[in-house]
Amino acid sequence: MQSGTFANRGVRLSIVAIWAALSLLAIHLFIDLNRSYDDAQERGNRLALTYVRLVAEHAAATFGRADLILERAVELPRPADLAAAKSLSPGRRQELETALVALQAKAQGIVSMSMTDDDGYVFANSLGTPPGGNLGDRGYFLLLKNGASSGPVISEVIKGRVSHKWGIQIARPIMAADGGFGGMVVANIGMTDYMEKFYEGLAVSPGSILLLRDMGHKLLVRYPVTEESYGRVVLSFEAAQLFDSGATEGVYTRPSPIDGVTRVVAIKKLPNYDIYATVGIPLNHVLGAWTKSRDQAAVIFLLALVAAAVATTLSTWKGRLSRALRMQVSFQEALFDTLPIPIFARDKSGGFVTCNKAYERYFGILRVDMIGKTVFELFPPELAQCYFDADQEVLAGSGAKTYEVEVIRADGGLRRVVIDKACYRDATGQMAGIVGTVVDITDRETMEHELWRLATTDPLTGVGNRRHFLTIAEAEVGRVRRHDRPLSVITFDLDHFKLINDGYGHGVGDDAIRAVADTCTAILRDIDVIGRMGGEEFAILLPESDLDAALEVAKRLHECIGAIALVTDKGKLGLTASFGVTQVHEDDADIDIALRRADAALYEAKEGGRNRVVFRD
């Protein structure tokens with residue numbers, strides 16, 4: 001009777017142990033899946049933010065360049081031109097159209113420019129088509145004519161009535177002699193020729209979308225292109241709430257009201273424009289690796305659940321108790337060995353107790369060769385000491401420890417891992433040793449570094465991109481104010497770059513950009529900073545350099561760029577560049593003021609015939 005009681009108690013204890021182990025497995029899988037889900041979501045958020053910042057910066061730079069051109073274009077027509085727009089002489093119209101063509105060539109992305117009178121009648125354009133088109137019913141024209149905006153006004157993607165090309169229209173008013181509305185100048189920024197090429201270069205994942213919307217949530221640009229959606233208002237509660245709070249960027253997850261796909265959505269408002277950029281990455285892409293881990297965990301847990309049920313059933317029969325226990329142990333060992341994460345255990349004296357197959361594969365040491373040996377017998381001295389110190393800290397009372405360390409994998413590769421350790425206790429409750437897991441984070445860190453590089457480096461030249469340059473420049477301006485040290489700025493771009501692209505092809509144009517960047521990098525000091533601001537335009541930051549020193553650098557760069565000779569199918573191609581130079585003033589509020597001053601000098605160099613250096617003090 002007593003032996004039966006003990007047997008029943010043993011059965012009950014074995015059942016409790018089985019389901020306790022299953023519960024622990026479920027808790028472990030739940031915690032691990034939740035943590036990996038959060039990690040995947042965070043990586044997706046960071047990736048979406050990186051892309052939306054690139055899209056916003058590209059759009060803001062494009063609109064900014066176009067608006068600079070429009071500011072000059074509105075000065076071209078005289079009051080008499082506006083009054084006689086419908087009967088303007090061919091000679092005067094040719095003068096205006098020649099000036100529009102010259103201005104258009106200075107801003108990458110503009111495919112056409114047009115002038116209208118106050119009725120919307122197109123009397124001059126950069127394409128050379130006959131006058132007579134009318135833009136009086138366009139929304140951006142009506143906004144300017146009714147005084148709702150002093151410009152610039154930016155439209156959704158529409159098909160130009162003059163250029164017959166899909167593009168974003170950006171317009172400014174021409175003031176009449178009496179100060180009223182006299183007409184407008186409108187630039188068409190090519191969607192196919194310019195915007196789509198940039199978006200294609202971002203190489204976003206399939207199913208991703210890139211948008212530009214105005215603050216009324218009207219769709220201005222969408223990539224991939226769906227022409228029927230342009231101009232459509234798609235309300236975004238999340239975007240409205242974020243911008244109402246004063247923030248300029250944010251991330252959220254929601255299904256699309258257009259195609260129903262759930263995406264990780266990042267938004268960012270463009271500086272100086274009531275427009276915001278949106279990038280949406282499909283959630284199933286962001287969570288792709290996590291979904292596989294979840295499915296694997298579900299299979300493991302289902303197997304464990306089945307095994308637990310089987311073990312429980314077998315344990316209810318006293319005659320099969322031994323067999324059930326052996327099966328449970330075998331299952332646990334199999335489960336232990338099938339887990340993909342390296343796991344190990346050592347006793348309190350430092351000797352290995354066990355490890356799983358993943359640990360054997362990772363370090364290239366068989367379990368039988370580890371049992372009973374210490375870390376000093378198996379690993380390099382410095383790494384062994386690091387392991388030993390962490391073990392002692394856990395056994396001394398901390399109970400658990402997580403740390404990062406570099407290890408040598410079985411293939412000889414140096415890898416960075418995160419090791420989690422915790423103590424385990426014997427039957428009396430005393431600390432008996434430590435158990436630990438090894439998680440390789442090398443690929444994750446490599447990916448994060450690559451994302452940072454993509455976010456800060458121009459892919460064509462390898463120099464810093466516009467965002468990276470401006471970030472460093474702002475920091476240097478702060479240093480100038482604190483330490484009263486000189487700082488100068490150079491801006492320059494290649495002369496006649498559009499003619500190079502048109503005459504020799506974009507491949508030669510890219511070679512020219514790279515050759516200029518390489519030449520500058522070879523000449524500049526380590527402390528100098530060069531950035532590609534877009535297209536053929538570059539900017540250089542010269543710490544510890546006053547205006548005279550900056551002029552010397554600019555002249556040397558001008559001379560060296562002039563010495564470049566590219567070998568092409570059409571013969572050798574020489575390059576020239578126009579430079580603007582200025583020194584950052586103590587009262588400059590930010591780097592943009594100095595850059596605008598340098599740009600003004602650059603435009604003066606262009607107007608003066610190009611291929612020269614001009615400074616503004």
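Compute the helix-to-body angle for 466-483: its Cα long axis versus the longest principal axis of the chain, expressed 0 to 90° and rounded to tens.
Roughly 90 degrees between the two axes.
Ser256 to Leu305: FRET efficiency via 1/(1 + (r/R0)^6), r the Cβ-Cβ distance, R0 35 Å, to the nearest 0.05?
Computed FRET efficiency for Ser256 and Leu305: 0.40.
Taking a probe of 1.4 Å, how large is the accessible area per residue of the range 34-154, in Å²?
Spelled out: the 1.4 Å probe surface of the range 34-154, per residue, equals 42 Å².
Take peptides 384-395, 413-424 and line them up by average Cβ neighbours within 10 Å, highest first, as a rough protection proxy.
My ranking of the peptides, most packed first, is 384-395, 413-424.
At a Förster radius of 25 Å, what calculated FRET efficiency corresponds to the Cβ-Cβ distance of Asp369 and Thr313, to the nearest 0.05?
Between Asp369 and Thr313 the formula returns 0.05.
For the pair Glu474 and Thr226, how long in nm is the line joining their label points, each one 7 Å along Cα→Cβ?
Here the answer is 3.5 nm between the modelled labels.
Starting from the Kirkwood Rh over alpha-carbon pairs, what translational D in µm² s⁻¹ does the range 84-167 have by Stokes-Einstein at 37 °C and 0.692 mPa s?
Once the numbers are plugged in, D ends up at 243 µm²/s.
Rounded to the nearest 5, what % of the DSSP beta bridges within the chain are antiparallel ones?
95
Hey, how many Å between the Cα centroid of the range 573-599 and the Cα centroid of the range 107-160?
31
Name the shape class, rounded, prolate or oblate, that the alpha-carbon gyration tensor gives for the range 501-617, where a ≥ b ≥ c are the square roots of its eigenvalues, rounded holds for a/c under 1.5, and otherwise prolate holds if a/b is larger than b/c and oblate otherwise.
Prolate, because a/c is 1.5 or more and a/b exceeds b/c.
How high is the relative contact order of the range 172-290, in percent, with contacts defined as C-alpha pairs under 8 Å that are six or more residues apart?
Computed value for the range 172-290: 20 percent relative contact order.
Report the calculated FRET efficiency for Lys197 and Ala176 (r = Cβ-Cβ distance, R0 = 51 Å), to the nearest 0.05.
After rounding, the FRET efficiency stands at 0.85.
What does the net charge come to around Arg35 if you take all other residues with beta carbon closer than 15 Å to its beta carbon, with K and R at +1 and D and E at -1?
Here the charged neighbours net out to -2.
Measuring from label point to label point, each 7 Å out along Cα→Cβ, what is the Ala600 to Asp347 span in nm?
Taking the simple label geometry, Ala600 and Asp347 are separated by 8.2 nm.
Can you quote the Å³ per residue value for the convex hull of the Cα atoms in the range 445-543, rounded to an integer?
In the range 445-543, the Cα convex hull volume per residue is 112 Å³.
Shape verdict for the range 20-143, please, from the Cα gyration tensor: rounded (a/c under 1.5), prolate (a/b greater than b/c) or oblate.
prolate
When the convex hull of the C-alpha atoms of the range 388-447 is computed, what volume per residue in Å³ does it have?
Roughly 87 Å³ of hull volume per residue.
Please work out the Cα convex hull volume for the chain and give it in Å³ per residue.
It comes to 227 Å³ per residue, whole-number rounded.
Bin by bin, in steps of 10 Å, what percent of the Cα pairs in the range 492-557 do you find, going until the bin that has the longest distance?
With 10 Å bins starting at 0, P(r) equals 20, 48, 24, 8, 0.
About its Cα centre, how strong a charge dipole does the range 334-406 have in debye, to the nearest 20, once Lys and Arg get +1 and Asp and Glu get -1 at the Cβ?
280
Rounded to whole Å, give me the distance from the Cα center of the range 10-62 to that of the range 264-298.
The distance from the Cα centre of the range 10-62 to that of the range 264-298 comes to 15 Å.
Ratio of the range 188-298's C-alpha Rg to 2.2 N^0.38 Å, to two decimals?
Cα-based Rg divided by the globular estimate yields 1.16.
At 7 Å along the Cα-to-beta-carbon direction for both Val439 and Thr402, put a label point, then send me their distance in nm to one decimal.
0.6
Quick check: residue separation of Arg72 and Gln430 times 0.36 nm, minus the Cα distance between them. What number comes out in nm?
Gain in length upon complete extension: 120.6 nm.
So which of Lys269/Lys606; Lys197/Lys269; Lys373/Lys401 end up more than 25 Å apart by C-alpha?
Lys269/Lys606
The values are calculated or read from the model by the stated rules, or taken from the named source; none is laboratory data. Note that this is a predicted model, so its numbers are computed, not measured. Because the Cβ atoms are built from the backbone with ideal geometry, glycine has one as well, and the counts that use them run over all protein chains shown. Surface areas here come from the heavy atoms of the whole protein model, side chains and all, with no ligands, DNA or RNA. Shrake-Rupley method; radii C 1.70, N 1.55, O 1.52, S 1.80 Å.
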